[in-house]
Amino acid sequence: MIFTRNNQIKKRFYQGRGAARGYALVELVFYIVLFAILSLLVIDAMITMAKAFKETTIQAELVESNAIMERISREIRGSYDINTISTSDLKLNTKDDAGANKTVEFLLSGSDIQLLENSVLTGNLNTPNITVSNLTFTQITTTAGKAVKISLTVRSDNDAQNRSVDFYNTVTLRGSY
């Protein structure tokens with residue numbers, strides 16, 4: 001009877017341990033599945049943030065290209081005459097800070113807008129990751145003075161969709177009136 005009683009106690013003990021072990025296995029599988037779902041959500045959020053950051057960077061590059069148009073417009077406004085003008089080249093007669101005559105030229109060379117002062121290259125107006133696909137100058141002459149119509153098209157080299165942005169402006173030469 002002692003053996004029977006001991007066997008019954010052992011049986012209950014091992015049955016309890018088996019049930020606890022089965023519960024731990026279900027609990028472990030549940031936590032693994034929960035961790036996997038949370039990991040997928042975090043990874044998806046990171047991918048979405050990376051795409052949004054890239055898009056924001058591309059848009060910022062294109063908007064910053066407005067500085068090219070502003071620089072050209074400022075130089076035209078400050079000049080007193082047009083030296084030469086063609087569709088992609090504009091050379092202006094202006095004065096420096098000391099009052100001496102100088103020339104300022106904007107030239108589309110490949111996909112870069114070059115700035116030349118007194119026929120010396122001072123650099124490109126666009127950043128290396130911006131491609132200028134179109135630059136057009138048109139002279140407007142009236143009895144009141146002269147003006148230059150500018151058309152500029154740029155795109156970002158980082159943009160896989162090859163979107164472009166157009167800028168337009170018409171600027172009057174202040175020295176001409």
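The values are calculated or read from the model by the stated rules, or taken from the named source; none is laboratory data. In this text, all values refer to a predicted model and were calculated from it rather than measured experimentally. Here the Cβ is made from the backbone with ideal geometry for all residues, glycine too, and neighbour counts use every protein chain on show.
Key figures for this structure:
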| read-out | value |
| --- | --- |
| Failed item, numbered, when TYR14 is tested on (1) at pLDDT 90 or above; (2) outside the structural domain of VAL165 (by TED's automatic domain parsing); (3) of a type outside the set (D, E, K, R) | (1) |
| Per-region count, region 57-111, residues among the acidic types (Asp, Glu), at pLDDT 90 or above and surrounded by 14 or more Cβ atoms within 10 Å (Cβ to Cβ) | 3 |
| Residue in region 167-174 that is under 30 Å from ALA52 (Cβ atoms), of a type in the set (Phe, Trp, Tyr) and surrounded by fewer than 16 Cβ atoms within 10 Å (Cβ to Cβ) present | yes |
| Residue within region 147-154 that is over 15 Å from ILE113 (Cβ atoms), in contact with a strand residue (DSSP E or B) (Cβ under 8 Å, 6 or more places away or on another chain), surrounded by fewer than 16 Cβ atoms within 10 Å (Cβ to Cβ) and free of Cβ contacts under 8 Å to residues at least 24 places away in the same chain present | yes |
